[in-house]
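Note sheet for the following structure.
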Amino acid sequence: MKNNNAAVIRRLTFRTVRADKKRDVFVVAAIALTTVLLATAFSIGMSMMETMELQRVRMAGSVADAYLSDPSEEQIARLRQLDYIDQVGVGVRVGGVNGRDRQTVGNISLTLVYVDAVQWEEINAPAFSDIVGTYPAGEDEIMLSRWTLEHIGIDRPEIGMTVPLRCAIGSDGLAEGQERAFTLSGYFTNYYYASSGGADFALVSQALADKSGCTAASSGTANIRFRDGVGRPLERLEEDITLLPGQELTAMSEGGTAGRRGSGLLPVLFAAGIFALCGFLLVYNTMLISLARDTRYYGQLKTIGMTPRQIRRVVVGAVMVLCAIGAPLGLAVAAVVSRAIVPAVAAANGAFTGAVVSRSPVIYLGAAGFAGATAFLAAFYPARKVARMSPVEGLRYEETVGRLPRWAAGGGAGKCARMAARSVFRGGKRCVLVLTSLGLSIVTLILAATVVTSIDTDRYAESLLGCDIRLENAATEEHVGVDIFSDALLDTVRSLPGLADMRTVTAAHCMLAQGDEQSGLTSKVITIYGVDGQTIAALGGQYGQSVDIPAFERGEFAVVGAIEPEQWSRIGTLEWEFVSGVTELGRVFRLPVGAAFPSELGQQITGQRTTLQIFVSSDYLRSIADALQIYRIDLDLEPGRDEAAFLLLRELVRGDNNISLQSRYELRQSIKRSVAVLSVLGGGVSLVLGVIGLLNYINVMAVGVLARRRELAVLECVGMVRSQVRKMLLLEGVGYWAMSLVLGNLLGNGAMAALYAKLLAPLEYTAFHYPILPCAAFYAVSLGVCAAVPLAVYSSMSRATVSDRLRQAE
Amino acid sequence: MPILFARGLKKYYGRESDPVRALDGVSLSVEEGEFVVIVGQSGSGKSTLLHILGGLDRPTGGTVTVDGRVLGKMTDEQLTVFRRRNIGFVFQSYNLVPILDVYENIVLPVELDGDPIDRPFVEGVIDALGLRGLKKRLPSMLSGGQQQRVAIARAMVTKPAILLADEPTGNLDSRTSQDVLGLLKMTSTRFHQTVVMITHNEQIAQLADRVIHIEDGRIVGGEA
C-alpha cells in the first residue's frame, strides 16, 4: 500500500519557509527582481512590436495586406471566392481637391474616395482612431480626418456642419473644380498624411461615386486581407485572378509580420536569458548558503527516516512557496513599470502614432514561467546536494576547507593578504557565483553604456540631414510649381546671422517629349530640378560614380535619378517640354544624360522616391525657364549659430503648412531624448543587475563572516589584533571586487568590441566612446559595498568578547 | 613569585539586582613550570575562570596578573598582543584555522607578531608532538587527536608564560585522551611550561602537580 505523506511534507515545507525569515526575504526579493526584469523585457519587446505594427498600419491608413489596382467586377468576385483571402474591400477614387486652392484645403492634396462597407469597417477603420460619426450616406456628405479639418481651418469639427471644398468630381481629379458644400457626417484621426508626403483622403458616399461615373475598374483598388498563416501569396493570386494590362498587384509593406516578430524577439530573449541567469544566481546562492547552514537539520530529518526524494521535495517546495509570493509581486511591479517605460521607448524609437502597452498574457505567463523555472533550478541543485548527503555526515556537518588552490598554498600564513585570498576561495561555488553575478552586471553595464555613449548626436543629425537647416516645399511633387517662398522670407534667410552657405534647389514641371514607351512617362508631368554641382558631386560620391561637375554646372548634361538607372543611361538624350507658365508651350529642350543614379539617391534631393527625377544645374534651368519656383533651400551656419537661426525661421514659417522646416538642431534634440530613454533603460537594467550582483556578494560575505564567528574569535584568541582581522576582511572584500572587475572587464570589453564592430560601427551616427564615467561610478560604489560589508558584519559581531563569541559558536 | 596571580575574581551576568554569579571571589596563584588542574562540574564556572585568566574575558571585579602584568589595565589591542606573546590556549574543540595547514597553524601566533620563527624550537615541538608527517595537511584532513596535538603545538610555539587548556580531551576517545594528556604533561616537563588545565574528570586531575576544585563560582578545595 502506498504511503500518503503529502501532509507531512507540506507541513515541513511550510515550517522550513517559516524557519529563516532573512533567507525568505532574499529569495522573494531575488524572484521578484527576476520577474520584474523578465516581465519588463517581455513587455517592452511585445509592446514595441505591437506599436510598430500599429504605426505601419496607421501610416498606411489600412490594414490590407495587398491591393489590386483598377479591378474589374469579375476580379473582385473571384477575389471574394478565394479560400486564402479573408476580406476584400473596394475603394473608388471619385475626385480630388487641387492643392493649389489654398483657400479651401491649405495646400494639401486631398483625394475624394468612396469605400465599400467591408473596406471601411474591416480595412480602414482599424487603422484610424477616435472615429466620430458615421460613414457618408448622402451625396453631399463627407467624412474627413482631423488633420485635413485642421488644414481647412476647422479645429472643432461638429457632425452636420458644412464644409465647403473646391473640388473636381469625376476622372479628372486634378483639374480646377467647382466649389461644393459638403456636410460633415464623421471625422477620425489618421496618419496617412505622414507617409504620403502631405496628401490625405476624404471619404464620400456611394451616391456621389455613382453620380461621378467612376468605378473600381476605372479608378479604384481592391484591398485584400489574406487569411492568417498563409503569408502573402501574391504569385498564386496573380495566377488566380489573371492581371489585366497595366494592373498592379502590390503588397502593402515589405516582409511578413512573422519575420518582424522573429527579429524583434531575439534581443528580448537574449535579455531575458541574462536576467534569468542573474536571478538564478541570486536564488541559487541564497539557497546554497541557507542549506549549508541547515545541513545538520536535514541530517536529522534523514536520520529519522526521510528519503532523499522527500528532502528534495521539502527544499524545492519551500522555494516554490517563496516563488508564489515573489513572482506576483514582480509581475505587479512590472505592469506599472511597463506602463511608464513603453511610451518613452516607443517615442524614442520614432513611434509617433501612439504607443501600445501590450497586455498579452504571453508577457506575464512567460515571465512567471521563466521565473518559476529559474527558482526551481536554483533550488533543485542545492536540494539534491543535501539529499545525497549521508545522515551521519549531515549530523556532523561542519564547514571545512577541502583543498586550497595550489597558488594559495604555502607562503606566510600570517600575511593578511594570503589569508584573505584563501578565505575568498574556500567558498568554491559561492565564490564563483559571486564573481559571475558581479561580472555579469559589469558586462551589462559596459555593453549598455557603450551603446549609449557611442551615439554621436552630431553625426546622427549629419547623417539624416545634409545641411544645418532645410526649408522645403512640403506639398506633393505634383504641386511643386507652387511658389511658396515669399521674397520677405528669402530676404530673412539671406540675412540670417552666421549664415555660411545657402544652396537652393529650383524646380519646374515638364513632360517628356521623347517617345519612350517602356518608361510609360511620356504622358505624365515630371519635375525637373535645378541643383548645384556640389549636391550632384555628393550623390556621385555615394553611388561611386564620378561626374564632371564643371560640365554639369555649365549645363552640358542632365543627371537622372531613376528606379532603373541603367535604362536611363542608355537613352542618351532627354527631350522635354515645360508645362504652361514656365516657358512658351511647344518648345522642346534637349540635354544628354550625363549620369544616372538610383532613385533612392535622388530622393535625398526630392524627398520622394519617384520613377524619374531629372536634375540639371541651377544656372542652366534658370537660363531656359521664364518662371521657376524654389523647391528647397539648404542652409549651413557657422558653428553654434544653427539653434538661433532655426528658432527664428520656425517662427516665420509657423502656420504655413506648405513649408517644411528641418534642422540638425532639432534632430540632435530628438536623438538626445532617445539617448536619454536608452540611458534610463540601459542604466535601469545595469542598476538592477548590479544590485543583484551586490546582493549576491552581500549575502555570501555577510553569511560567510558570520559563519566564521568562531574562527575569527580563535584568531583573536591566538593574537590577531582587530586591526589585522579588519585588514584581512577588507582584503577579502576588495579581492572579490577586483576579481569580478577583471572578469567583468575581460568578458564585457570582449563582448563590447564584438557588439561595436558588428552593430554600432557600421552605423553612420556612432563614434566609439568608452563609458569611463558610468563604469568608474559603478566600480567606486561596488568597491565601497565590497569593502564595507565584511567590516560592518565583523564590527557588529566583535562587540561581544572573544570568550562570548567562542561560546556562541559552540 | 607566581607567574599567574588572580585575586577576588568575580564575573556576574544578567540583572544587577539579581545577577548570575559565574565567579564569586576566586583567588589563586600558579608558580612557573607548575601543572595545575582546575576540576569542576559543568556550570561550576571553570571555563569562565580560564577565559578571564587568559584575557579572553574581563571580570566584573578582581585582578589577574600574568608574568607581572595586570591584564585589567590593558586595552583590547594590548591584551591581544600580550596574549599572543604570553598565553597559549588549547580548546576542547581544537579551534584550528581551517584555511591554514598544520605548520601554518602552529607558527601563526609568531607570524602575527612579525617575529622570525625559531625553527629549531618549532621543529622540536613538532617532533615532540608527533606531527612531523602532517605539516602540510589541512585541519579537515586530521583526526581529533591529531588536531588537538596541533593546537598544543600552536599554544607552545611562542614559549608563553602560561598555557591554558580548556577540557582538551573533551572531544576525544579515552586512548587518544591519554596520549594528549601525556603529551601535555611531557611538554610541561620538557619545556618547563606552566600549564593550567580545566576538566570535569577527576581521573585526569591525577596528572597534575596541584588540583583546585571549583563549585558554583568559588574555590572549594585544593590549594589555590
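Quick notes
- Candidate set from segment B:46-71 (those that are within 14 Å of chain A (Cβ to nearest Cβ) and in contact with a Lys or Arg (Cβ under 6 Å, 6 or more places away or on another chain)); member that is most open to solvent (accessible area, probe 1.4 Å): B:60
- Meets criteria (of a type in the set (Phe, Trp, Tyr) and touching a residue at least 60 places away in the same chain (Cβ under 8 Å)) for residue B:94: yes
- Within the set A:626, A:642, A:619, the sole residue that is closer than 30 Å to residue A:568 by Cα, touching a helix residue (DSSP H, G or I) at 6+ places or on another chain (Cβ under 8 Å) and acidic (Asp, Glu) turns out to be A:619.
- Considering residues of segment A:410-458 that are open to solvent by 10 Å² or more (accessible area, probe 1.4 Å) and touching a strand residue (DSSP E or B) at 6+ places or on another chain (Cβ under 7 Å) only, the residue nearest to residue B:154 (Cα to Cα): A:455
- Scanning segment B:141-166 for residues that are buried (at least 17 other Cβ atoms within 10 Å of the Cβ) and within 11 Å of chain A (Cβ to nearest Cβ) turns up B:142, B:151, B:154, B:155, B:157, B:158, B:160, B:164, B:166.
- Which listed residue, of B:24, B:57, is in contact with a helix residue (DSSP H, G or I) (Cβ under 6 Å, 6 or more places away or on another chain), of a type in the set (D, E, K, R) and either modelled with pLDDT of 90 or more or farther than 22 Å from residue B:188 by Cα (or both): B:57
- When segment A:654-671 is limited to residues that are in a helix (DSSP H, G or I) and at pLDDT 80 or above, the one that is surrounded by the most Cβ atoms within 10 Å (Cβ to Cβ) turns out to be A:664.
- Test: residue in segment A:718-730 that is open to solvent by less than 40 Å² (accessible area, probe 1.4 Å), touching a Lys or Arg at 6+ places or on another chain (Cβ under 7 Å) and within 13 Å of chain B (Cβ to nearest Cβ): yes
- Residues of segment A:546-565 satisfying the condition of being open to solvent by 60 Å² or more (accessible area, probe 1.4 Å) and either under 20 Å from residue A:606 (Cα atoms) or in a loop (DSSP other than H, G, I, E, B) (or both): A:546, A:548, A:553, A:554, A:556, A:563, A:564
- Hey, residue B:43 open to solvent by 10 Å² or more (accessible area, probe 1.4 Å), in contact (Cβ under 8 Å) with a residue 40 or more places away in the chain and more than 12 Å from chain A (Cβ to nearest Cβ) or not: no
- Some residue of segment A:538-546 being at pLDDT 85 or above and out of contact with any strand residue (DSSP E or B) (no Cβ under 9 Å at 6 or more places or on another chain): no
- Residue among B:203, B:178, B:148 that is of a type in the set (S, T, N, Q) and within 13 Å of the chain's Cα centre (by Cα): B:148
- Selection within segment A:529-572: residues that are of a type in the set (Val, Ile, Thr) and within 18 Å of residue A:598 (Cα to Cα). The member of this set that is farthest from the chain's Cα centre (by Cα) is A:571.
- When segment B:81-97 is limited to residues that are facing chain A (nearest Cβ under 7 Å) and in contact with a Leu (Cβ under 7 Å, 6 or more places away or on another chain), the one that is nearest to residue B:147 (Cα to Cα) turns out to be B:97.
- Restricting the first member to segment A:11-40 and to residues that are at negative phi, and the second to residues that are of a type in the set (D, E, K, R) and in a helix (DSSP H, G or I), the beta-carbon pairs closer than 7 Å and six or more apart or on different chains are A:17/A:24.
- Sole residue being aliphatic (A, V, I, L, M), farther than 30 Å from residue A:491 by Cα and under 31 Å from the mean Cα position of the chain (by Cα), chosen from A:661, A:687: A:687
- Selection status of residue A:577, open to solvent by 20 Å² or more (accessible area, probe 1.4 Å), charged (D, E, K, R) and without any contact (Cβ under 8 Å) to a residue 24 or more places away in the chain: no
- Every condition in (1) touching a residue at least 40 places away in the same chain (Cβ under 8 Å); (2) of a type in the set (Phe, Trp, Tyr); (3) open to solvent by 40 Å² or more (accessible area, probe 1.4 Å) is met by residue B:13 except one, and the failing one is (1).
- Segment A:611-631, residues that are open to solvent by less than 10 Å² (accessible area, probe 1.4 Å), touching a Leu at 6+ places or on another chain (Cβ under 7 Å) and not in a helix (DSSP H, G or I): A:612, A:614, A:616
- Screening the candidates B:110, B:125 for the property of being aliphatic (A, V, I, L, M), more than 9 Å from chain A (Cβ to nearest Cβ), within 26 Å of residue B:56 (Cα to Cα) and open to solvent by less than 30 Å² (accessible area, probe 1.4 Å) yields one hit, B:125.
- Considering segment A:130-161, and only residues there that are at pLDDT below 90 and hydroxyl-bearing (Ser, Thr, Tyr), the residue that is surrounded by the most Cβ atoms within 10 Å (Cβ to Cβ) turns out to be A:148.
- Considering segment A:203-240, and only residues there that are more than 33 Å from the chain's Cα centre (by Cα) and over 26 Å from residue A:192 (Cβ atoms), the residue that is least open to solvent (accessible area, probe 1.4 Å) turns out to be A:240.
- For the residues A:320, A:287, the requirement of being touching a helix residue (DSSP H, G or I) at 6+ places or on another chain (Cβ under 7 Å) and surrounded by fewer than 21 Cβ atoms within 10 Å (Cβ to Cβ) singles out A:320.
The values are calculated or read from the model by the stated rules, or taken from the named source; none is laboratory data. Computed from a predicted structure; not experimentally measured. Heads up, the Cβs are rebuilt from the backbone with ideal geometry, glycines too, and the neighbour counts pull from every protein chain shown. SASA here: full protein model, heavy atoms, side chains in, ligands and nucleic acids out. Shrake-Rupley method; radii C 1.70, N 1.55, O 1.52, S 1.80 Å.
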